[in-house]
1. Counting only residues 5 or more places away or on other chains, whose amide H sits under 5 Å from the amide H of Ala226 once H atoms are built in the peptide plane?
2. Using C-alpha positions alone, give me the convex hull volume of the stretch 471-510 per residue in cubic angstrom.
3. Can you bin every Cα-Cα distance in the stretch 243-362 into 10 Å intervals starting at zero and give me the percent of pairs per bin, rounded to whole numbers?
4. For the chain, give the share of DSSP beta bridges that are antiparallel, in percent and rounded to the nearest 5; count only bridges with both residues there.
5. Return the sequence-ordered ³J(HN,Hα) values of the stretch 50-58 in whole Hz as given by the Karplus equation 6.51 cos²θ - 1.76 cosθ + 1.60 applied to θ = phi - 60°, using x for Gly and Pro.
6. So what's the gap between the Cα centers of the stretch 62-129 and the stretch 288-362, to the nearest angstrom?
7. Residues with amide H under 5 Å of His446's amide H, sequence separation 5 or more or different chain, H placed in the peptide plane at 1.01 Å from N; which?
8. Please state, as a whole number in µm²/s, the translational diffusion coefficient that the Stokes-Einstein equation yields for the chain at 25 °C and 0.890 mPa s, with Rh defined as the Kirkwood radius across alpha carbon pairs.
Amino acid sequence: AAVHFHEFVIEAKPVKRLCRTHSTITVNGQFPGPTLEVRDGDTLVIKAINRARYNVSLHWHGVRQLRNPWADGPEFVTQCPIRPGQSYTYQFTIQNQEGTLWWHAHSRWLRATVYGALIIHPKLGSPYPFPMPKREIPILLGEWWDRNPMDVLRLALFTGAAPNVSDALTINGQPGDLYRCSSKETAIFPVEAGETILLRIINSAMNQEMFFGVANHKQTVVAVDAAYTKPFATNVIMIAPGQTTDVLLTADQTPARYYMAAHAYNSANAPFDNTTTTAILEYKSAPCCAKKGQSLKPIFPQLPGFNDTATATAFASQLRSLSKAKVPLEIDESLFFTVGLGLINCTNRNSPRCQGPNGTRFAASINNVSFVLPRRNSLMQAYYQGQPGIFTTDFPPFPPVQFDYSGNVPRGLWQPVKATKLFKMKYRSKVQIVFQDTSIVTTENHPMHLHGYQFYVVGSGFGNFDPKNDPAKFNLIDPPERNTIGTPPGGWVAIRFEADNPGIWLLHCHIDSHLPWGLATALLVENGVGKLQTVQPPPLDLPRC
Ligand code: C2O
């Protein structure tokens, strides 16, 4: 196995999109950041050097980080942020994972521009479970604002209003040619007629779930979140922030130019970015492209409507793990987590901070607890050092009262309680979590991401989860394995996993406006004697608060 050394210099650089230039936080001057390519079993050593004027930390989204929470990255969870002028070296080994993951800043809203692909090839000599594609192309879906995303966040947090919607969606940092002034800002992917390529699609957008399609071409889904799936063909995929989807595509159409396009899947009753981003799949033998100078208008794909929940659901229900899944059958910890928005009362209703309905502030919660990041220390450092007063471990396994989550929500539950509560569980517990969307403020799709783990998605549905009848319908044979799963709008989703990775692991909604509002908690997984001997000692350069 190889060791890969990289320096990631995090610094502001002028980036121009849609005819406007602004100072953008980049890695090594690149936006999006560098692609990391490794093999299963390799070790990455990445020195993050902070030359920006913000605190920063980096997260390796989907990497298991077994017994190594110190390299996971969320600020104030597993580490204190890297201050301007400081550095920290993330060191971790890929253990039995292959496929497409990604990395991103995990510090306030910096991930809007600080992100990149992390591609894990199989061990040397071990093949893909499908014919070797001729080319592999990372497709990073993103969002672009006409102003600094950190200012967008500051405004959103200050007013308590929904963040401004983005001004463009992007593919590999480029909006595509359907926006004002963007004709040159289009990613173009040349292909030979007849060849099969692998698209490694990553949704790195802040707030948008998306539909993605390629004109006239079928996509064959072969993996999600670095776990292989039984292949199936589809015209369109749905992908939530945090998720990855690998598809095979054969260039079997008339040589021409074809748009790849993505737009929002959004069923919430709130403003969203309803624009369409494009890139171009260009046959090298197409008339335009063989003879330079001739233009050829690309053909446009059909995408579902913005709120086409039926198509989104049908897509998700086709996902099956390729091999027999190791789903826990007996459950030690059965948790029921409501996920949704809320409103916090303001003492001064006329304050500009209170722009929610009736002079309230927006919040979000799990089981009515709105998660607050500590400031004095990170959770993991406080735990390891035995420092009291940073968090409590009384996160409730159920909501305070059962109610009709699909509509008739008691008014008292609109007001979550702010706290830093963790859910503590024993190492090696077999865990089931049902996430239930509430209809508080609006029904919404919440993509839930668990750090440090892969889990099985055993079931989902609309309306209220029925603990009597729904578990009988769970797929315990070949459910898809993921690290991020969308809770359907006004519905529920159930996951299972074995808590085989000790440490403190953030569990949160990957919609980045919901995270600072508190749609998070953390799982504290510890071995029988309440100590963390099974966790590696922290690196010497781990930042302190
Ligand atoms: Cu991709 Cu906690 O994040």
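1. Thr100
2. Values: hull volume 4.3 nm³, N = 40.
Value for the stretch 471-510: 108 Å³ per residue.
3. Bin by bin from 0 Å, the calculated values are 9, 20, 23, 22, 15, 9, 2.
4. Working: 105 of 146 bridges.
In the chain, approximately 70 percent of DSSP beta bridges are antiparallel ones.
5. 8, 10, 8, 9, 10, 5, 8, 8, 10
6. 22
7. Hits under the 5 Å cutoff: Thr487.
8. Working: Rh = 23.7 Å.
Diffusion coefficient, whole number: 103 µm²/s.
None of the figures in this text is laboratory data; all of them are computed from the coordinates on show. Since this is a predicted model, take the numbers as computed values, not measurements. Glycine also receives a Cβ, built like all others from the backbone with ideal geometry; neighbour counts cover every protein chain displayed.
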